[in-house]
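Let me begin by presenting the structure, written as structure tokens, before commenting on it.
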Amino acid sequence: MKKIIIAIDGPAASGKSSTAKLVAATLGYLHIDTGAMYRAMALKILRSKVDPNDTVKISALATRTSVRLALREGKIRVVLDGEEVSGEIRLPEVTNIVSPISTVSDVRKLMVHEQRAMGREGGIVLEGRDIGSVVFPNAELKIFMVADARERAVRRRKELGTKGVEISVEELEKEILERDRIDSGRSVSPLLKADDAIELDTTNLSIEEQVEFIVEKARKIIEQ
Ligand code: CDP
């Protein structure tokens, strides 16, 4: 059976993670959340008290940092310099500085190198901002997931609520739009829809419908 690469890109909180996770589980593929890797780097910057806009210091720190995704008890864990940080990387303090840090080209080089190594064999679903455009431009299936900003904020509020973090929808919408602005405007690997990506607007879709849409497309390619 052919093992393909599925690239899911899109703006902040568009539902990539939950969808990619279920698509991977349905197909028996590995799921790689590349945003989690950038978040781990952001956590390191936060802990090191380096200015998130100090490109030179961030580049230097990146060369001394290890960010890995490890499978433990059936779950993907984010490991920063040997320490598991899967929970901490979702904190608002990390979210607030992750986009400026993701503009630093040395940080991106490090992450892209890791991601390519993990995806080499296929049988993988990667989600992020630059998967179909930069990391795996030859991916067999590319999805660009979008949703209305207010709907994305409502979803993120629900998700954070389950973790005990209370933030208003208005504040989240502002944060999401600001991250989109930085992610789309940066000079290195900006967030963009690859020419051959299929756009999927999830504003009015259920998670099951999103997953089914992608799995159906993937199966067609696998069986070809
Ligand atoms: O889950 P959410 O949509 O909030 O974001 P994420 O996927 O966890 O990504 C966090 C941040 O990492 C994004 O806002 C980007 O700045 C950066 N990122 C990136 O630059 N390239 C990627 N492939 C993935 C994430």
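The values are calculated or read from the model by the stated rules, or taken from the named source; none is laboratory data. Quantities reported herein were computed from a predicted structural model and do not represent experimental measurements. Backbone-built Cβ (ideal geometry, glycine too); neighbour counts: all protein chains shown. Heads up: the accessible areas ignore ligands, DNA and RNA and are worked out on the full protein's heavy atoms, side chains in. Shrake-Rupley method; radii C 1.70, N 1.55, O 1.52, S 1.80 Å.
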When the range 185-224 is checked residue by residue, the ones that are loosely packed, with under 13 Cβ neighbours inside 10 Å and of a type in the set (Gly, Ala, Ser) are Gly185, Ser187, Ser206
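Hey, among Glu127, Glu121, Glu140, which residue is in contact (Cβ under 8 Å) with a residue 24 or more places away in the chain, under 22 Å from Ile214 (Cβ atoms) and either within 13 Å of the ligand (Cβ to nearest atom) or in contact with a Pro (Cβ under 9 Å, 6 or more places away or on another chain) (or both)? Even if it seems obvious, please write down each step before you answer.
Details: Glu121 fails: either within 13 Å of the ligand (Cβ to nearest atom) or in contact with a Pro (Cβ under 9 Å, 6 or more places away or on another chain) (or both); Glu140 fails: either within 13 Å of the ligand (Cβ to nearest atom) or in contact with a Pro (Cβ under 9 Å, 6 or more places away or on another chain) (or both).
Selected residue: Glu127, the only one of Glu127, Glu121, Glu140 that is in contact (Cβ under 8 Å) with a residue 24 or more places away in the chain, under 22 Å from Ile214 (Cβ atoms) and either within 13 Å of the ligand (Cβ to nearest atom) or in contact with a Pro (Cβ under 9 Å, 6 or more places away or on another chain) (or both).
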Condition set of a type in the set (Val, Ile, Thr) and open to solvent by 10 Å² or more (accessible area, probe 1.4 Å), scope the range 1-54, selection nearest to Val211 (Cα to Cα): answer is Thr26
Go through the range 25-53 and count every residue that is within 15 Å of the ligand (Cβ to nearest atom) and among the small types (Gly, Ala, Ser).
-> 4
Complete set of residues in the range 70-110 that are buried (at least 19 other Cβ atoms within 10 Å of the Cβ), more than 23 Å from Arg156 (Cα to Cα) and touching a strand residue (DSSP E or B) at 6+ places or on another chain (Cβ under 7 Å) | Leu80
